[in-house]
Amino acid sequence: MKLSLYILILVFVFGLLSFAVVPPLLKKKQRKELIVVISLFSIGFTLNFLLIIGVKLPNPLKILIEIIQSVL
């Protein structure tokens, strides 16, 4: 029950944000900005959804440290 409520809230919040941000970009024909916004919203939605359903996500700092150490 709680899980479905959290998912419903997540969908509602991202839907509300989309309705606030996307129409002005479409109206001004800012296609590149629209692609960036949709991409960021998709990443944010996916990460939040995975956290809600209990998937253990890796720490991005560890990945960043490994990348930097391999370059240096």
Within the range 14-41, take every residue that is closer than 25 Å to Gly54 by Cα and loosely packed, with under 13 Cβ neighbours inside 10 Å and give me the one that is nearest to the chain's Cα centre (by Cα). Leu40
With closer than 21 Å to Ser4 by Cβ, among the small types (Gly, Ala, Ser) and under 14 Å from the mean Cα position of the chain (by Cα) as the only criterion, which of Gly44, Gly54 stands out? Gly44
Among (1) surrounded by 10 or more Cβ atoms within 10 Å (Cβ to Cβ); (2) not in a helix (DSSP H, G or I), there is one condition Glu66 misses while meeting the rest; what is its number? (2)
Would you check if there is a residue in the range 46-56 being assigned to a loop (DSSP other than H, G, I, E, B), touching a residue at least 40 places away in the same chain (Cβ under 8 Å) and exposed (fewer than 13 other Cβ atoms within 10 Å of the Cβ)? yes
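Where a number appears in this text, it was derived from the coordinates with a stated rule and is not lab data. Given the structure is predicted, the values throughout are model-derived calculations rather than measurements. Cβ atoms come from the backbone with ideal geometry, glycine included; neighbour counts cover every protein chain shown.
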